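*Asks:* What follows is a structure written as structure tokens; I'll ask about it next.
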Amino acid sequence: MLNRRTLIASGPLACAVLATPLHALAQQGKKKDTVTLAMTLEPPGLDPTAGAASSIAEITLYNVYETLTKINADGSVSPLLAESWEVSPDLKTTTFRLRKGVKFHNGAPFNAAAVKFSFDRAGGDKSTNKDKRSFAALTTQVVDEHTVVVINQDIDPDLLFVLGQATSIIVEPQSAAGNATKPVGTGPYTLGAWSRGSSITLAAWPGYRAAGSIRIRRATFRFIPDPAAQVAALLAGDVDAFPRVTPRSMAQFKSDPRFQVVVSGSRAKTILAMNHQRKPLADVRVRRAIAAAIDRKSVIEGAADGLGVPIGSHYVPGAFGYVDTTGINPFDVEKARRLLAEAGVKTPLTLTMTLPPTPYARQGGEVIAAQLAKVGITAKLQNVEWAQWLSGTYGSKNYDLTLISHVEPFDLGNFAKPDYYWGYQSPQFNALYEKIKTAARPADRARLLGDAQRLLAEDAVHAFLYQPQWVTVANKNLRGLWKDMPVFVNDLSALYWS
């Protein structure tokens with residue numbers, strides 16, 4: 001019999017009391033069961049399998065929708081819709097035992113057929129899932145109503161983590177097409193109301209399998225992109241928590257006893273992305289010049305108030321196989337000027353830098369534009385709203401440069417996508433990535449990951465800037481907030497008031 005690795009889910013006061021009306025006593029004994037959170041960006045829809053915006057998952061993952069596995073704040077993986085699983089020795093076949101008695105919000109049963117439908121849909125021809133390529137490599141087989149086998153063409157030691165991400169939600173076949181506006185999942189919350197441009201409210205679902213454990217009955221997400229308005233809303237008590245708030249006012253909140261301030265690690269990469277399909281950015285010398293013109297430490301101070309770690313590739317310290325590539329394209333103004341001259345670029349070179357509404361982008365864009373000006377590059381700043389960035393920059397690839405943070409932990413594969421929004425095409429990287437996907441030995445995988453990081457740095461695919469740290473400011477009495485954020489979620493089931 002094959003050896004398999006198995007994980008199982010494992011006196012004076014009396015007078016005061018008598019003087020207090022009974023209804024007031026009842027009110028005192030009742031804990032608060034609502035919460036208002038704030039976010040910088042509003043999601044374009046509520047189906048995380050249909051769009052790339054991380055703001056979708058921030059509202060829906062583990063709240064409205066659930067996945068087979070659950071990613072915890074420390075990056076570990078635990079059972080969710082799957083009670084347990086077994087991984088074959090070749091790391092390609094995983095057998096999941098599914099939780100019984102689970103229903104979708106519309107009353108339909110959760111079963112192996114729903115899992116197969118969800119994964120087949122995610123990898124199908126019509127899929128708009130940003131992880132479509134990963135799902136296309138999966139074959140899902142139904143063994144019985146509560147057992148499903150997932151066979152991967154590739155060796156992916158991170159599969160259990162991936163299956164806990166928002167792109168891996170289990171959807172109900174009959175309602176899946178309407179999830180963007182009428183989401184149906186198996187989670188503890190349903191959509192209560194959506195006031196476009198203002199807020200989204202989720203309501204606790206009485207039919208949830210563990211409804212008694214949910215202590216927050218109603219959660220409202222308010223959308224506040226302006227940094228000054230973010231601070232004002234917190235100080236006024238209009239919001240109870242602001243995960244990933246603009247860090248500029250952190251000292252003010254640290255000294256205020258009404259608040260708690262949590263600084264979190266991340267797997268995010270903030271980059272100045274370059275459109276390789278636009279001249280002269282197709283020339284590696286121009287891209288290297290742009291990278292050399294940028295002082296990462298100054299950008300971290302200006303964009304993130306010092307809360308960041310410099311990176312030289314699309315990979316971060318702490319991740320498996322990380323190598324330090326910051327020395328490949330160091331800050332060097334003279335080198336930047338020399339590379340532009342070698343490429344035959346006549347200065348001033350004018351490029352448009354598209355900036356989404358996030359404060360780090362707007363603030364960082366000003367810093368980078370001033371640095372580029374010193375080497376003869378004029379960066380015309382173009383501020384756009386989030387929906388415009390998603391459609392024009394990400395969707396239509398209509399940009400030269402853009403400042404953006406990629407928050408997915410495992411996204412090196414984007415550099416092997418020929419139609420991805422930055423247009424990087426490298427047969428050498430593609431071959432390297434194929435080897436990474438089939439490397440069974442951790443030592444080989446780590447070596448290949450290091451090679452991939454060095455190649456991206458040498459190709460100066462982008463100006464890789466920093467790994468951000470996220471700041472959460474919240475009411476001091478709110479409990480259950482994540483300390484670290486391996487993925488962007490707001491797990492409402494963990495929240496409660498002390």
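*Asks:* When the helix-only estimate is applied to the chain (DSSP H runs of n ≥ 4, each -39,500 (n - 2.57), divided by the residue count), what is the mean residue ellipticity at 222 nm, nearest 500 deg cm²/dmol? Working shown, then result.
*Replies:* Details: 14 runs with 129 residues, N = 498.
Taken over the chain, the calculation gives -7500 deg cm²/dmol.
*Asks:* Add +1 for every Lys or Arg and -1 for every Asp or Glu among the other residues with Cβ under 14 Å from the Cβ of L41, and state the total. Working shown, then result.
*Replies:* On the way: positive: R196, R222, R244, R362; negative: E42, E58, D226, E385.
Summing Lys/Arg as +1 and Asp/Glu as -1 gives 0.
*Asks:* While we're on this one: If each of I155 and K32 carries a label point 7 Å out from its Cα toward its Cβ, how far apart are those two points in nm?
*Replies:* Label-label distance for I155 and K32, simple model: 5.1 nm.
*Asks:* Going by a ≥ b ≥ c, the root eigenvalues of the Cα gyration tensor, does the range 22-104 fall in the rounded group (a/c under 1.5), the prolate group (a/b larger than b/c) or the oblate group? Mind showing how you got there, number by number?
*Replies:* Values: a/c = 2.74, a/b = 1.57, b/c = 1.74.
It is oblate, given that a/c is not under 1.5 and a/b is not larger than b/c.
*Asks:* What lysines does K335 reach when the alpha-carbon gap must be under 21 Å and sequence neighbours fewer than 8 apart in one chain are set aside?
*Replies:* K279, K297, K346, K374
*Asks:* With a ≥ b ≥ c taken as the square roots of the eigenvalues of the C-alpha gyration tensor of the range 320-362, please select rounded if a/c is under 1.5 and otherwise prolate if a/b is larger than b/c or oblate if it is not?
*Replies:* oblate
*Asks:* A further question follows. How much length would be gained if the chain were fully extended between T147 and S198, taking 0.36 nm per residue of separation minus their Cα-Cα distance, in nm to one decimal? Please report the intermediate quantities before stating the final value.
*Replies:* Values: separation 51, 0.36 × 51 = 18.36 nm, distance 4.20 nm.
Net length gain for the segment: 14.2 nm.
*Asks:* Taking a virtual spin label 7 Å from the Cα of V309 along the C-beta vector, which residues in the range 457-480 bring their backbone nitrogen under 13 Å of it?
*Replies:* It comes to 466-470, nothing else.
*Asks:* Here's a follow-up. Is the C-alpha gyration tensor of the range 72-162 telling us rounded, prolate or oblate? Criteria: a/c under 1.5 is rounded; beyond that, a/b larger than b/c is prolate, otherwise oblate.
*Replies:* On the way: a/c = 1.40, a/b = 1.13, b/c = 1.23.
Rounded shape, in that the Cα axes give a/c under 1.5.
*Asks:* Work out the FRET efficiency for E458 and T438 from their Cβ-Cβ distance, taking R0 = 25 Å, and round it to the nearest 0.05. Display every interim value, and only then the final one.
*Replies:* Values: r = 23 Å, r/R0 = 0.94.
The calculated FRET efficiency here is 0.60.
*Asks:* Something else now. Can you list the aspartates and glutamates whose alpha carbon is less than 16 Å from that of K126, not counting same-chain residues fewer than 8 positions off?
*Replies:* Output for K126: D47, D419.
*Asks:* Once R0 is set to 35 Å, what does the formula 1/(1 + (r/R0)^6) return for the Cβ-Cβ distance between A113 and W497, expressed as a FRET efficiency to the nearest 0.05?
*Replies:* Values: r = 39 Å, r/R0 = 1.13.
Once rounded, the FRET efficiency stands at 0.35.
*Asks:* In square nanometres, what is the average projected area of the Cα convex hull of the range 227-347? Intermediate values should be presented prior to the final figure.
*Replies:* Numbers: hull surface 41.2 nm².
Approximately 10.3 nm², given one-decimal rounding.
*Asks:* Using a 10 Å cut-off on Cβ atoms, rank the peptides 287-296, 488-497, 42-51, 426-435 from the highest mean neighbour count down. List each step's numbers first, then the result.
*Replies:* Details: 287-296: 24.6, 488-497: 20.1, 42-51: 21.9, 426-435: 14.3.
Ranked from most to least packed, the peptides come out as 287-296, 42-51, 488-497, 426-435.
*Asks:* So what is the relative contact order of the range 200-297, in percent, for Cα pairs below 8 Å that sit 6 or more residues apart? Mind showing how you got there, number by number?
*Replies:* On the way: 42 pairs, mean separation 12.1, N = 98.
Relative contact order comes out at 12 percent.
*Asks:* Now, a different point. Please give the contour-minus-distance gain from L235 to L91: 0.36 nm per residue of separation, less the Cα-Cα distance, rounded to one decimal in nm. The partial results should precede the final answer.
*Replies:* On the way: separation 144, 0.36 × 144 = 51.84 nm, distance 5.05 nm.
Once the chain is fully extended between L235 and L91, it gains 46.8 nm.
*Asks:* Roll a 1.4 Å probe over the protein chains and send me the accessible area per residue for the chain in Å². Don't skip to the answer; put the middle values down first.
*Replies:* Working: 21060 Å² over 498 residues.
Heavy-atom accessible area per residue stands at 42 Å².
*Asks:* When the expected Rg is taken as 2.2 N^0.38 Å, what fraction or multiple of it is the alpha-carbon Rg of the range 225-293? All intermediate terms of the calculation are to be shown ahead of the outcome.
*Replies:* Details: Rg = 19.0 Å, N = 69, 2.2 N^0.38 = 11.0 Å.
Relative to the rule-of-thumb radius for its length, the range 225-293 sits at 1.73.
*Asks:* Let me ask something else. Near Q141, within a Cβ-to-Cβ distance under 12 Å, what is the net charge of the other residues, with Lys and Arg +1 and Asp and Glu -1? Mind showing how you got there, number by number?
*Replies:* Values: positive: K116; negative: D120, D144.
Every neighbour counted, the sum reads -1.
*Asks:* Once each part is reduced to its C-alpha centroid, what is the distance from the range 407-478 to the range 221-300 in angstrom?
*Replies:* 20 Å
*Asks:* Right, next: Once you list every other residue whose beta carbon is under 11 Å from the beta carbon of Y433, what net charge do they have if Lys and Arg are +1 and Asp and Glu are -1?
*Replies:* Values: positive: R133, K417, K435, K437; negative: D154, E434, D451.
Neighbourhood net charge equals +1.
*Asks:* As a test, work out the antiparallel percent of DSSP beta bridges whose residues both lie in the chain, rounded to the nearest 5.
*Replies:* On the way: 58 of 76 bridges.
Percentage antiparallel, nearest 5: 75.
*Asks:* At 0.36 nm per residue, minus the direct Cα-Cα distance, what do D226 and S76 gain on full extension? Give it in nm, one decimal, please. Mind dumping the intermediate values first?
*Replies:* Details: separation 150, 0.36 × 150 = 54.00 nm, distance 3.37 nm.
Stretched out fully, the D226 to S76 stretch lengthens by 50.6 nm.
*Asks:* Report, to the nearest whole %, how much of the accessible area of the chain belongs to carbon and sulfur atoms, 1.4 Å probe, protein only. Mind dumping the intermediate values first?
*Replies:* Values: 11130 of 21060 Å².
Carbon-and-sulfur percentage of accessible area, whole number: 53.
The values are calculated or read from the model by the stated rules, or taken from the named source; none is laboratory data. Given the structure is predicted, the values throughout are model-derived calculations rather than measurements. All Cβ positions, even for glycine, are placed from backbone atoms using ideal geometry, and neighbour counts span all protein chains on display. With ligands, DNA and RNA removed, areas are computed over all heavy atoms of the protein, side chains included. Shrake-Rupley method; radii C 1.70, N 1.55, O 1.52, S 1.80 Å.
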